[in-house]
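The values are calculated or read from the model by the stated rules, or taken from the named source; none is laboratory data. All figures in this text were calculated on a predicted structure; none of them were measured in a lab. Counting neighbours? That spans all protein chains shown, and the Cβs are built from the backbone with ideal geometry, glycine included.
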Amino acid sequence: MAKSALMLALCILLPALISASRPMSRPYVLQGRVYCDTCRAGFETSATTYIPRAKVRVECKDKEQKLLYTAEGTTDATGTYYINVNEDHGNETCDVVLVSSPLGDCKTADPGRNRARVVLTSYNGIVSDTRFANAMGFMKDEVMSGCTTLLQSLMEEED
């Protein structure tokens, strides 16, 4: 009886422990964009520019808000970042957060768009290994000229 219990434990528990402790063979690719809100509108407009060399960080926390995982990334020339995540974080809450902007006149993170929640697990029906995060933004110090007209035209289209 003891031998069969030991064999059962080795056949079931050992593979589970090994697979849980090693990194994934195909990592998740977390993708998103960072922009400069030139009109200080709080959202992307046709006047929005995207920021190259902006720094972002993914943070995963447990239910007690204890930080369990972080990884950083930098945007490319189009303002897009790609961060490889080699682990499944199904039991954690993961957010991408703004770290810094290289633009001297666009360094203030928009309080409503300074983080984006992401799902980093395979146990949710998503087949792709690419995970997309909502765009995050910094606000320009001074509103760009022409923004009043642009925002008024957006309000007219809404009616």
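Quick check on residue 12: is it of a type outside the set (Lys, Arg) and at pLDDT 95 or above?
No; evaluated as a whole, the condition is false for this residue.
I need the full set of residues from the range 130-159 which are of a type in the set (D, E, K, R) and free of Cβ contacts under 8 Å to residues at least 40 places away in the same chain, in order please.
Listed by number, the residues that qualify are 141, 142, 156, 157, 158, 159.
For residue 82, are the conditions met, namely being among the aromatic types (Phe, Trp, Tyr), at pLDDT 95 or above and under 14 Å from the mean Cα position of the chain (by Cα)?
Yes: the conditions hold for residue 82.
When the residues of the range 52-79 are narrowed to those that are under 20 Å from residue 36 (Cβ atoms) and basic (Lys, Arg), which ends up farthest from the chain's Cα centre (by Cα)?
So, considering only residues that are under 20 Å from residue 36 (Cβ atoms) and basic (Lys, Arg), the one farthest from the chain's Cα centre (by Cα) is 53.
State whether one or more residues within the range 124-134 are within 20 Å of residue 79 (Cβ to Cβ) and either exposed (fewer than 12 other Cβ atoms within 10 Å of the Cβ) or over 15 Å from the mean Cα position of the chain (by Cα) (or both).
Yes, the conditions are met somewhere in the range 124-134.
Return yes when residue 98 is touching a strand residue (DSSP E or B) at 6+ places or on another chain (Cβ under 7 Å) and closer than 16 Å to residue 133 by Cβ and no when it is not.
Taking the combined requirement at face value, the residue satisfies it.
Could you check the range 68-96 and list, in sequence order, the residues that are touching a Ser or Thr at 6+ places or on another chain (Cβ under 8 Å) and outside any loop (DSSP other than H, G, I, E, B)?
81
Out of the residues in the range 87-129 that are of a type in the set (Val, Ile, Thr) and free of Cβ contacts under 8 Å to residues at least 40 places away in the same chain, state the one that is farthest from residue 60 (Cα to Cα).
Checking each candidate, the answer is 108.
Among (1) under 13 Å from the mean Cα position of the chain (by Cα); (2) surrounded by fewer than 18 Cβ atoms within 10 Å (Cβ to Cβ); (3) of a type in the set (Val, Ile, Thr), which single condition is residue 121 missing?
With respect to (1) under 13 Å from the mean Cα position of the chain (by Cα); (2) surrounded by fewer than 18 Cβ atoms within 10 Å (Cβ to Cβ); (3) of a type in the set (Val, Ile, Thr), residue 121 is out only on (1).
Hey, could you check the range 128-159 for residues that are part of a loop (DSSP other than H, G, I, E, B), of a type outside the set (A, V, I, L, M) and within 23 Å of residue 84 (Cβ to Cβ) and say which is modelled with the highest pLDDT?
Only one residue tops the list, namely 134.
So which residues in the range 97-127 are β-branched (Val, Ile, Thr), part of a loop (DSSP other than H, G, I, E, B) and touching a Lys or Arg at 6+ places or on another chain (Cβ under 8 Å), if there are any at all?
119
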